[in-house]
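J.: Starting off with a structure, shown below.
The values are calculated or read from the model by the stated rules, or taken from the named source; none is laboratory data. Everything quoted here is computed from the prediction, not taken from an experiment. Cβ: placed from backbone, ideal geometry, glycine included. Neighbour counts: every protein chain shown. Protein only, heavy atoms only, side chains kept; ligands, DNA and RNA dropped before computing areas. Shrake-Rupley method; radii C 1.70, N 1.55, O 1.52, S 1.80 Å.
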Amino acid sequence: MTDVQGYDDTSGTDAAGTSRRRFLTYLMAAPTLAVAVQYGLLDGVADAVVPTQPQQAENFDLGDFLILAGKPTEDQLIVIEVDKAGKVHCALPREEVGQGITTAVAMLIAEEMDVPLANVTVTLAPGRPELMYNQLTGGSNTMRSVYAPTRTAAAATKARLLAAGAQRTGVPISRLQLRAGLVVGEGHSIPIGDLTQAAASPTLAMGAVEVKDPSAFTLVGRPQNRKDARAMVTGQLKYTNDLEPVPGLLRAMVRRPPTINGTVKAIVNEAAIKKMPGVRALAIIPTGVAVLADTFGQALDAKEALEVTWNAGTVDAEDNASILDTLKAVNAPLGPALGDAVEGEFDFAFVNHAPMETNTAIADIKATGGTVWAGMKSPIVAAQFIEDDLGLPRGSVTAVVTQGGGSFGRRLFFDGALEAARISKAVGKPVKLMWTRVDDMRHGRARAASHHLVRATLAGGDVVRFEHHVASVETDFRHGLGEIMTANGAAFGDPALIPISAGGAATFSQSVFGSTIKSPYNFGPTTQMLNEANLPMHTGSFRSVYSANTRGAEEIIVDEIAKALGKDPVAFRIEYAKDPRYAAVIKKCGELGAWGTKLPSGFAQGFGFHAEYKSCTACLVEIDARDPKKPRVTKAAIVGDYGLPINPRGLESQLLGGLTDAISTTLRAGLHIDKGLALEGSYSQFHFARQKDAPREVKIHIMPATTGEPGGAGELGLPSAVGAVANAYARATGTKPRRFPIIFPVDFTPFTKGTGSTRVQPR
Amino acid sequence: MPKYSFTLNGKTVQVDAPGDLSVLWALRDKLGVTGPKYGCGINVCKACTSHLNGKAFNPCVTDLRDVAGKDVTTIEGLAKGDQLHPVQEAWLEQDVAQCGFCQPGQIMAAVALLKRTSNPTDEDIDAIENVCRCGSYFRIREAIKAAAAKMATPVAGPAAGGPSVPDVAPGQLPATGPGVATAAAGAAALAAAAATRLLRDADETEA
Ligand code: FES
Ligand code: FES
């Protein structure tokens, strides 16, 4: 915290007269009241919400690790400001890409401070290097990691306002209350905006800071629509490409190689390109040839007209078949079966993240440093990486975090910001960079292809052993998470804490795998391991990281086990669930979706369940697969248990998103790698679901609070829905789905490699 | 450089640019109108969907010269000041938007659909091709149905036929010209505004 003005170290006294609270209030230099607190010192709060010691592997997950890594800076994480108009503001050091976290955090603040939600604004903080490992948006961890710090900072802010009210009125703090943005009591009613100056005094005599008991929540836990929705539906919300933060931004596009990681040999027609309308400059950068023009339309035309010769890329000989061979070769085989077994070998294709907003960034780099603007989930690492790449001193690049048009894991990487910074430096001008959709699909990142060997051993009508060996193309975690693990490796290096596959130290990927993949069922001794093939391609965590494929495949096997044992799949899951919470969610979902409804031939129901990050979800779908080549999910029922739900409406949105991802990636959406490049280049080729593929009936139920703290949310809906969709398809068609997406022909004419964005006429 | 002139959200604008510049980039990079989004540039994702003479069109594959003299409406021109279009209201009530990036296009597509058919069937809604990568489809469906119901509610009252009162938010282009009714200011009920909207839509379709 660079602008700390002073701080308070205060003892409070509760109603019973015992001194029991002690906390630090940092006051920020501002014309407003700005408060951060070291909430870890608050009695009764730290222990309740932050695991200070790693527990057994079952309970210590990736989110816990991230919270632990963030502990040294958690006192600076949330800063709450109150201005003279009584408006409350918080710049959240996380990235909003559609999860609704700014709304959820505003709810927490409004709840604790007893101010109207409309008076609370949550924006996105730029990269704050002092937060070190505590500014990474991923692992479904935002609400888990900010829940306690936000509430405590809000409670401390409220305590200051009440103390200022007491000072002003002479009424004891204990007889004042904050209600709807007013300090009230004994006939007084003072808007909080009138008290900010007094409340910001370092010498203010403070009362106790208490966070509410969740049972007293009146806002948190109730459905709330998004606060930023109006800006979205009126076209006023500004994404990166809509910003003009500095004048004279040239539009930049990059002509990219015909294979992944190819490099420029030479530009053939530079002079001709420079004469094209609106074209201002060209620059060779590590990823291709940058074209700068007045408009993106002109940059695009020039990029397409470029003639470039290329050096080879890094995977020019690879295609889906060769990659699958590699995965099979690196996967550890299952040992001999000991008795009756239910087995499956599964393959999942690469999947592009395909957020609606393609990779977009603005950069203004001068000789001594500069600024980048982009939707970034790891802005601290982004800025540092750019500084190193451009030979600029540490701290010289500011990373401004903008709201992103979707992510699904994609914006953990800052390759757009890096590329924009390189171009800006090369041409000495501020630039706005946008990737075409074709490039975003072919040269962007993808969920790694994976191969799975799953076996359940049965004996005496029971499951006595469960094994799952996963082989995956290596997932790239060098976006900050890897750095956090390196720096905080003690917890992750402990094999007692994170079980890893045989053979030495865990890779980052194996650590992530070990801390996210758990079986929710009592299937006896259970082995789940990850083996990796290191192919130099652009991969990255996709929503649910390993769980969508790994747990999705397991949910298919679970149905097959139930069948082998002559049991109903839903009853079977309830019987074997490790936790009563799981059983309750499975049961509720079966009821919500009317499990067991008799359907005509070609139609079927399917069920799936998943638990992760201290939350769990169940999904039941109905599918129409009368034409097995054109299946449609017609109905869905989903139930989620998120521990302590903050905003059920937002959780429903996330479940709806997970369902759509599952329908897409299970049935029709994947990438065909062909001679070192994906064939798919747009949504007409990468078959992400559209309205015609989405169910016409969806019921979603969020369980009331089952624990005292929020579990993970954003990624929870996908794996259970993968299981449900695949199982429904299996039952409707009488097949055993093993390769995903199930329907995966090259049913299009690929764009010419190396170009491919030429405008075509409307169909 | 040639100059092209057209009506944008009720106001005449001029653009100095080559005639084959796509309307999407003329809007975004020349006119600073950023509601229509780029998602593919080839008429596949529909994120840029706007209206040309009252009908849905895709600016990414429309040349600037082809809109000369015509009437372009983007998401920014849908509301009248603070008075949202019933489709926008339905979008808020159903809490449709996640990342929001596709939603200007989704809304413009839905408005165009409701102009063609006031009571769309599920099949009509299925035919909307706009991609929502966040997967908000079910809420989009619900919102379209809710908007259809809103817009079908018969309304009496002064607003629909009342005097035109400019009601324009700062930074927004005022709606002008024949056939463009403005939302009634002040006490106008939501339903009355919906009727106003219908009137306006009908006029636009004729234009
Ligand atoms: S950008 Fe116009 S249809 Fe995709
Ligand atoms: S809301 Fe994100 S793409 Fe539709």
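J.: Which of A:THR660, B:ALA26, A:LEU324 sits closest to the plus end of the dipole of the protein assembly as shown, meaning its Cα is farthest towards the positive end, when Lys and Arg get +1 and Asp and Glu get -1 on the C-beta?
T.: B:ALA26
J.: Same structure again: Please give the peptides A:281-288, B:131-138 ranked by average Cβ packing (other Cβ atoms within 10 Å per residue), highest first, as a rough proxy for protection.
T.: Packing order, densest peptide first, comes out as B:131-138, A:281-288.
J.: Of the listed peptides A:73-79, A:715-721, A:335-341, A:148-154, what is their order by residue-averaged count of other C-beta atoms within 10 Å, with the highest listed first? Please report the intermediate quantities before stating the final value.
T.: Working: A:73-79: 22.1, A:715-721: 32.7, A:335-341: 11.1, A:148-154: 27.6.
Averaged packing, sorted descending, gives the order A:715-721, A:148-154, A:73-79, A:335-341.
J.: Quickly work out the A:THR314-to-A:LYS630 label distance, labels modelled 7 Å from Cα along the C-beta direction, and quote it in nm with one decimal.
T.: With each label point 7 Å from Cα toward Cβ, the separation is 4.2 nm.
J.: Separate question: Roughly speaking, what is the stretch gain from A:ASP389 to A:ALA367, that is 0.36 nm per residue apart minus the C-alpha to C-alpha distance, in nm to one decimal?
T.: 6.6 nm
J.: Considering only A:ALA154, A:SER140, A:MET107, whose Cα is most displaced toward the positive end of the charge dipole of region A:102-182, charges sitting on Cβ of Lys, Arg (+1) and Asp, Glu (-1)?
T.: A:ALA154
J.: According to the square roots a ≥ b ≥ c of the eigenvalues of the Cα gyration tensor, what is the shape class of region B:39-115, taking rounded for a/c under 1.5, prolate for a/b larger than b/c otherwise, and oblate for the remainder? Working shown, then result.
T.: On the way: a/c = 2.32, a/b = 1.40, b/c = 1.66.
The shape class here is oblate.
J.: For A:LYS675, list the lysines whose Cα falls under 20 Å from its own Cα; do not include residues on the same chain fewer than 8 positions away.
T.: A:LYS265, A:LYS328, A:LYS753
J.: Where the centre of each part is set by its Cα atoms, how far does region A:588-657 sit from region A:197-216, in angstrom?
T.: Centre-to-centre (Cα) distance: 44 Å.
J.: Also, I was wondering about something else. On a C-alpha basis, how far is the centre of region B:69-129 from the centre of region A:299-320 in Å? Whole number, if you could?
T.: Region B:69-129 and region A:299-320 have Cα centres spaced 38 Å from each other.
J.: Give the cross-link partners of A:LYS578 among the lysines, using a straight C-alpha distance below 22 Å as the criterion and excluding same-chain residues fewer than 8 apart.
T.: Straight-distance partners of A:LYS578: A:LYS518, A:LYS563, A:LYS567, A:LYS587, A:LYS588, A:LYS614.
J.: Enumerate the amide H contacts of A:ASP674 below 5 Å, restricted to partners 5 or more residues apart or on another chain; note that Pro and chain-start residues carry no placed amide H.
T.: A:LEU679
J.: Moving on to the next point. Would you mind working out the magnitude of the charge dipole of the protein assembly as shown relative to its Cα centre, with +1 at each Lys and Arg C-beta and -1 at each Asp and Glu C-beta, to the nearest 20 Debye? It would help to have the intermediate numbers written out before the result.
T.: On the way: 96 positive and 99 negative charges, 292 e Å.
Approximately 1400 debye in magnitude.
J.: Tell me, what is the 1.4 Å probe accessible area of B:CYS60, in Å² to the nearest 10?
T.: Approximately 10 Å² of B:CYS60 is accessible to the 1.4 Å probe.
J.: Along the principal axes of its C-alpha atoms, what lengths does region A:78-233 span, in descending order and rounded to whole Å?
T.: 47, 34, 29
J.: If amide hydrogens are placed 1.01 Å from N in the peptide plane, which non-local residues have theirs closer than 5 Å to the one on A:ARG543?
T.: Distant-sequence amide H within range of A:ARG543: A:GLY409.
J.: Further, regarding this structure: In Å², what does the accessible area per residue of chain A work out to with a 1.4 Å probe?
T.: 34 Å²
J.: If you take the charge dipole of the protein assembly as shown about its Cα centre, with +1 on Lys and Arg Cβ and -1 on Asp and Glu Cβ, which of A:VAL431, A:ASN531, A:LEU62 is farthest toward its positive end?
T.: Checking the options against the dipole of the protein assembly as shown, the answer is A:VAL431.
J.: Mind grabbing the accessible area of A:THR402 for me, 1.4 Å probe, Å², rounded to tens?
T.: Roughly 10 Å² of A:THR402 is accessible to a 1.4 Å probe.
J.: What total accessible surface area, summed over both chains, is buried at the interface between chains A and B, computed with a 1.4 Å probe and given in Å² to the nearest 100?
T.: Values: alone 28630 and 9960 Å², together 33220 Å².
Accessible area lost upon association: around 5400 Å².
J.: With 16 Å as the cut-off, how large is the P(r) tail for region B:3-77, expressed as percent of Cα-Cα pairs?
T.: It works out to 38 percent of all Cα pairs.
J.: Using the Kirkwood radius over C-alpha pairs as Rh, can you work out the diffusion coefficient of region A:414-457 via Stokes-Einstein at 25 °C, viscosity 0.890 mPa s, in µm² per second?
T.: My calculation gives 182 µm²/s for D.
J.: Can I ask one more? Please work out how much accessible surface A:SER547 shows to a 1.4 Å probe, ignoring ligands, DNA and RNA, in Å² rounded to 10.
T.: Taking all protein chains as shown, A:SER547 has close to 0 Å².
J.: Turning to a different aspect of this structure: Which residues, if any, in region A:429-457 lose at least 20 square angstrom of accessible heavy-atom surface (probe 1.4 Å) when the other protein chains sit next to their chain rather than the chain being alone?
T.: A:MET434, A:ARG437
J.: Ordering A:ILE743, A:ILE386 from largest to smallest accessible area (1.4 angstrom probe), what's the sequence?
T.: A:ILE743, A:ILE386
J.: Taking amide H atoms as placed 1.01 Å from N in the peptide plane, list the residues 5 or more away in sequence, or in a different chain, whose amide H sits under 5 Å from that of A:PHE350.
T.: Sorted by chain and number, the residues that satisfy this are A:ALA449, A:LEU671.
J.: Explain nothing, just the number: dipole magnitude of region A:78-233 about its Cα centre with +1 on each Lys and Arg Cβ and -1 on each Asp and Glu Cβ, in debye rounded to the nearest 20.
T.: Its charge dipole is roughly 160 debye.
J.: Ok, one more. Keeping the other protein chains in place, figure out the carbon and sulfur percent of the accessible area of the protein assembly as shown, with a 1.4 Å probe.
T.: 54 percent
J.: With +1 assigned to the C-beta of every Lys and Arg and -1 to the C-beta of every Asp and Glu, and no other charges, what is the dipole magnitude of region A:138-190 about the Cα centre in debye, to the nearest 20? Write out the running numbers ahead of the final one.
T.: Working: 7 positive and 1 negative charges, 17 e Å.
Taking the Cα centre of region A:138-190 as origin, the dipole is about 80 debye.
J.: Using the heavy atoms of the protein chains alone and a 1.4 angstrom probe, what is the accessible area of region B:3-77 per residue in square angstrom?
T.: 28 Å²
J.: Excluding same-chain residues fewer than 8 positions from A:LYS212, which lysines have a Cα within less than 20 Å of its Cα?
T.: In chain and number order, the partners are A:LYS158.
J.: Give the relative contact order (percent, whole number) for chain A; include only Cα pairs under 8 Å separated by 6+ residues.
T.: Relative CO of chain A lands at 14 percent.
J.: Next up: Percentage of Cα-Cα pair distances in the protein assembly as shown greater than 50 Å, rounded to whole percent?
T.: The share of Cα pairs beyond 50 Å in the protein assembly as shown comes to 21 percent.
J.: Here is the link list: A:LYS275/B:LYS3; A:LYS432/B:LYS37; A:LYS699/B:LYS115. Which ones come out longer than 26 Å on Cα distance?
T.: A:LYS699/B:LYS115
J.: Could I ask something else about it? Taking each residue of A:679-689 in turn, how many C-beta atoms of other protein chains fall within 10 Å of its C-beta, and what is the average?
T.: Averaged over the peptide's residues, the number is 4.
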